[in-house]
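The values are calculated or read from the model by the stated rules, or taken from the named source; none is laboratory data. Predicted, not measured: the structure shown is a model, and the values here were computed from it. Cβ sites come from the backbone with ideal geometry, for glycine too, and all protein chains shown count toward neighbours.
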């Protein structure tokens, strides 16, 4: 499945970019002795993310059917919010992320006796942010697409991100980060639109949303969601073969607004760009 792979790849590269910039700056300024603090923060963040995901999954298994649908709707809505915030945050932060992190490292190491904890905290919050965002997205995807394909795809995305992170850190490759984040951002917004439509479906099945239930089109005979192509489209874009008017409106309006805001040029973008273009950590 492409959606879990690409989103985990993007999340992993964002986390690797932040930790790589910090680690590279420490190495370049002769402060490599502080590197273990970065890895401690990373491991703590990964542990928190895994614990949170397991706890939410176990909690949802105890719910009755309607409560389960409501829980899935809440998780899906949270996933939409974090996906959109992730896309727009990186669009804004990428311009100055390197200089901001360098300044934060200098401040952390200048604090008497607090350098270790400050560096652990920087790495922890950078990775935990991406990890917790990923947890809500993956829960929403796993609920919509049961089976091993989605987890394996997500693990593959994380694995590729780790490899690219090390390659960036050691200077072996260059990535056009501006283009990468731009096109994966568009893809993520399309995925988020599908998740938002599925939230309305879950709310209807939970008995909380009964408006705009007229079927817009019915492709159950041509492209059923149970078929191979329908399953692939459902896994990637949350495709549904017979969407209601409410789901279609939510999908179109959400995508029109977010894509317009995301793709419109920012004033002074070219002059201020720092980590965009062929960037090397």
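Looking at 159, 185, 194, 147, can you tell me which residue is surrounded by fewer than 23 Cβ atoms within 10 Å (Cβ to Cβ), at pLDDT 80 or above and farther than 29 Å from residue 26 by Cβ? Before the answer, list the steps.
On the way: 159 fails: farther than 29 Å from residue 26 by Cβ; 194 fails: surrounded by fewer than 23 Cβ atoms within 10 Å (Cβ to Cβ); 147 fails: at pLDDT 80 or above.
Selected residue: 185, the only one of 159, 185, 194, 147 that is surrounded by fewer than 23 Cβ atoms within 10 Å (Cβ to Cβ), at pLDDT 80 or above and farther than 29 Å from residue 26 by Cβ.
Does any residue of segment 171-179 turn out to be within 21 Å of residue 134 (Cβ to Cβ) and at pLDDT below 80?
The initial filter retains those residues of segment 171-179 that are within 21 Å of residue 134 (Cβ to Cβ), namely 175, 177.
Imposing the further condition that a residue be at pLDDT below 80 reduces the set to 175, 177.
Checking segment 171-179: at least one residue is within 21 Å of residue 134 (Cβ to Cβ) and at pLDDT below 80.
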Check your understanding: If the Cβ limit is 7 Å and pairs must be 6+ apart or interchain, which residue in segment 161-172 that is at negative phi and part of a helix (DSSP H, G or I) pairs with which residue that is exposed (fewer than 14 other Cβ atoms within 10 Å of the Cβ) and modelled with pLDDT under 70?
Key -> 167/173
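Which of the residues that make up segment 177-216 are at positive phi and in contact (Cβ under 8 Å) with a residue 40 or more places away in the chain? Explain how you work it out, then say what you get.
Narrowing segment 177-216 to residues at positive phi: 207, 212.
Scanning segment 177-216 gives a single hit, 207.
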